[in-house]
Amino acid sequence: MNSNDKGAVAELEIATAAVKLGIPVFKPLNEHSRADLILELGDQLMRVQCKWGRLSASRDVVIAVLRTSHYTPRGQVCRTYDEREIDLIGVYCGELDRSFLLPASRCACKQCIYLRLTPSRNRQQVCINLAEDFAFDGAVAQLARASRWQREGQGFESPQLHSPDPQSATATVSADACRDGFGSWIDRVAAGEDVIVTRRGKPMIRLTAAAPASAPVVVPPRVIAAAPPPAPAVTPRPAPAVAPPRAPQSGTAAVASLFPPAAANGSA
């Protein structure tokens, strides 16, 4: 089969899987749109892009190519998908005859998606997609049960949503296993799941998501009294002028000053 036939088969198989689960399926009238199907899940309409998945050489990974390409006078143009164009990615693997459903957030701006059928040989648990987490029937059940579809988190929704009893949402892991897959356990805790770490079978610590930030404390504005007006400047009055003391004179000069000389025409 060529790529067009594989795409048509994948679209048909995914629509058939949805109809078997009682989900209304709609198809756009025009071709070459970004969404191949529209699924009615509760009160929401989900845009689905269907892709063909193939097995890897080791037959433990399903690989689906997400990019599209077309030729223009300027050459080949390749595009990827983002969350503004589609809501879900449906993958059908013909060799397994199985369908998978992934949120668009897992596939945004990616050229390929890899779904692992078995755990990785190097025990990696972070930044991988397990195929069982995105099985078509399980993913649809989560979307139907969720009050609103959460784009973040592991898979589609918080693990607590599956458990009517909050205590059943608590997972237990040994200290060695928690150390080896610490990133994966942190992701589960961030999604809302409580994790108890044990050592030699005894509970040691409990991992839980941080409590939401408390409301900010409102500090009343400070009332600052107006400063009193400055006192008027006082200009000091100048001191009165004082005549400098006269230098002392001799006796003859003092007497002469008391008795001025007689006029030139007077008698002695």
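The values are calculated or read from the model by the stated rules, or taken from the named source; none is laboratory data. Please read these numbers as outputs of a predicted model, since none were measured by experiment. When we count neighbours, we look across all protein chains shown, and the Cβ atoms used for this are built from the backbone with ideal geometry, even at glycine.
A few comments on the model shown:
- Some residue of the stretch 74-89 being part of a strand (DSSP E or B) and in contact with a Cys (Cβ under 8 Å, 6 or more places away or on another chain): yes
- Residues that are over 28 Å from the mean Cα position of the chain (by Cα) and buried (at least 18 other Cβ atoms within 10 Å of the Cβ) are absent from the stretch 66-89 altogether.
- Tallying residues that are out of contact with any Cys (no Cβ under 8 Å at 6 or more places or on another chain), in contact (Cβ under 8 Å) with a residue 24 or more places away in the chain and not in a strand (DSSP E or B) within the stretch 60-73 yields 1.
- Subset tally (residues that are surrounded by 16 or more Cβ atoms within 10 Å (Cβ to Cβ) and either touching a Lys or Arg at 6+ places or on another chain (Cβ under 6 Å) or assigned by TED's automatic domain parsing to the domain that holds ASN122 (or both)) for the stretch 169-201: 0
- If only residues of the stretch 40-59 that are farther than 20 Å from TYR92 by Cα and free of Cβ contacts under 8 Å to residues at least 60 places away in the same chain are counted, the one that is surrounded by the most Cβ atoms within 10 Å (Cβ to Cβ) is LEU45.
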